Amino acid sequence: MSTSLLAAPKAAQAASSTQLNRIVAFVTDDISEAALRTGLAGLPNELVLKRGNIRQAIRFLEKDSDLQAVIVDVTGTEDPLAALEHLSQVCPPNVVVAVVGDAVDIAFYRLLVNEIGVVEYMPKPLTRDLVERLLPRHFAPDQAHQPGTRGGHVIAVCGASGGAGASTIAVSTAIELAEVVKGNVALLDLNLQHGATALMLGARPGPGLRIALEDPDQADALLLERTAIQLGPRLRLIAADEALGSGISITEPGARQVLSLVRQKFNFVVVDLPMPLRPELHQVLTLARHVVVVMAPDVASARNARAIRQLAMTLAGADRVVPMVNRSDMKGGLSSTMLEKALGSPSRVSVPELGRRMPEAVNLGIPAIRRVPDLRKHLAPLIQEIAAIHGIKSSESWIRRLLRK
């Protein structure tokens, strides 16, 4: 078994209940700091006050996200929307987020609370009474783990044919999101009997995932926490390795509960989705923001990829498919023009043949992206699209106009 990924550092071990009870606030002025200290004094939580704005909060959360709530200050931030988008990629969805700022426009408040999932926005100057009236109810024990409007981004990875390389892409995507974007990432392998992700990572999954998918009454946060295999400070694998003769009865409520629990905890959920897709798992495509269809440059893959795209569009009501051609320069393979015509859409990501080190990585239980550095370069467009690294620019002028009103 490879231990390079499975040996988690001490800092990544389960946080104590004291850590998970923390409220960490980043504010830029003395008045706000005093208002928060006095306004939240009646709570049993540990309040940690730090001087800084949302940028300092992001850097803090990249290293330490075991807390109940974070309060961030967007005063003076040139593009608050872009900064909050960045925050959402490193802050677990089950952490409560409140925002402080100098904008008083009601449209800005509605944007943050209704669209982004912030529980409260408080304009400056803060007072003890304002803090005491608006914030404590969001930090009460019975509200701490209630799912809100925020939830992890689901990325479904589907193979258009056997051996197309979907599991390799799923594993590599999860690792890149954890290391480059610094989000909390779950790699969820729903192929319970033929799954390859655990083999690629040198891991040995237990029966927890099957239990949760079959019986939603047993699917709770504690079960998934015990089932998840820690691969690094921000990456967990949730998988199974069931015998071929075992009768598996995945239920739709079980799948819904598992997805809900995982999305509450992780910023990104990369799902290795088996094909053909059983009806109980259709909801994965409904929830997915990106459906990555990995195909080989051949007729069968092109036909199946087109069918998967049509299914995803039917279930989600939008075209969220990202076609990817693996081994794109394979001898005798279809050209990019022919694939585009067959699929009805151009392939947006292309990975060429990368040599014998790719299958060697699987046999050694080492992620291919570790053994074949060139794979990272070819996956960069996919990671950029998932993490919206370039997409936030479209909102800059709008948010700036809003804040200037």
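The values are calculated or read from the model by the stated rules, or taken from the named source; none is laboratory data. Fair warning: this is a prediction, and the values are worked out from it, not measured in the lab. Please note: Cβ atoms are built from the backbone with ideal geometry, for glycine as well, and neighbour counts cover all protein chains shown.
Within segment 251-268, is even one residue in a strand (DSSP E or B), aliphatic (A, V, I, L, M) and either at pLDDT 95 or above or over 23 Å from S65 (Cα atoms) (or both)? So far as segment 251-268 goes, no, none of its residues is in a strand (DSSP E or B), aliphatic (A, V, I, L, M) and either at pLDDT 95 or above or over 23 Å from S65 (Cα atoms) (or both). Taking the conditions exactly as written (free of Cβ contacts under 8 Å to residues at least 60 places away in the same chain, under 24 Å from S249 (Cβ atoms) and out of contact with any Phe, Trp or Tyr (no Cβ under 9 Å at 6 or more places or on another chain)), does E214 satisfy them or not? Criteria met by E214. Residues that are of a type outside the set (K, R) and in contact with a Phe, Trp or Tyr (Cβ under 6 Å, 6 or more places away or on another chain) were ranked within segment 46-67; the one that is nearest to N267 (Cα to Cα) is A57.
Looking at this structure, is T173 modelled with pLDDT of 90 or more, crowded, with 20+ Cβ neighbours inside 10 Å and within 23 Å of H86 (Cα to Cα)? In short, yes. Going by what's in this entry, would A186 be described as assigned to a strand (DSSP E or B), closer than 22 Å to N94 by Cβ and either aliphatic (A, V, I, L, M) or touching a Ser or Thr at 6+ places or on another chain (Cβ under 7 Å) (or both)? Spelling it out, A186 is indeed assigned to a strand (DSSP E or B), closer than 22 Å to N94 by Cβ and either aliphatic (A, V, I, L, M) or touching a Ser or Thr at 6+ places or on another chain (Cβ under 7 Å) (or both). Restricting the search to strands (runs of 3 or more DSSP E) fully inside segment 270-364 and requiring at least 3 residues that are assigned by TED's automatic domain parsing to the domain that holds G254 and within 22 Å of the chain's Cα centre (by Cα) gives 290-295, 321-326. Restricting attention to segment 302-331, report how many residues are without any contact (Cβ under 8 Å) to a residue 12 or more places away in the chain and either under 28 Å from P359 (Cβ atoms) or in contact with a strand residue (DSSP E or B) (Cβ under 6 Å, 6 or more places away or on another chain) (or both). Final tally of qualifying residues: 2.
The criterion of at least 1 residues that are under 19 Å from V24 (Cβ atoms), among the hydrophobic types (A, V, I, L, M, F, W, C) and outside the structural domain of G232 (by TED's automatic domain parsing) is met by the following helices (runs of 4 or more DSSP H) wholly inside segment 48-121: 54-63, 80-90. What are the residues in segment 262-298 that are among the aliphatic types (A, V, I, L, M) and surrounded by fewer than 22 Cβ atoms within 10 Å (Cβ to Cβ), if any? Scanning segment 262-298 gives M275, L277, L281, L287.
Quick test of your reading of the structure: A307 fulfils all but one of (1) surrounded by 18 or more Cβ atoms within 10 Å (Cβ to Cβ); (2) under 17 Å from S161 (Cβ atoms). Name the failing condition by number. Here A307 clears every test but (1). Filtered by the rule that a residue be in contact with a strand residue (DSSP E or B) (Cβ under 7 Å, 6 or more places away or on another chain) and over 13 Å from S301 (Cα atoms), segment 332-358 gives S345, R348, V349, S350, V351.
Pairing residues of segment 164-179 that are closer than 11 Å to L237 by Cβ with residues that are assigned to a helix (DSSP H, G or I), at Cβ distances under 8 Å and at least 6 apart in sequence or on separate chains, gives A170/T197; V171/T197; V171/M200; V171/A368; V171/I369; I175/I369; I175/R370. Checked against (1) within 30 Å of V100 (Cα to Cα); (2) modelled with pLDDT of 90 or more; (3) among the small types (G, A, S), G355 passes all but a single condition, namely (1). For segment 210-250, the candidate set comprises residues that are exposed (fewer than 15 other Cβ atoms within 10 Å of the Cβ) and of a type in the set (S, T, Y); within that set, the residue that is nearest to Q89 (Cα to Cα) is S249.
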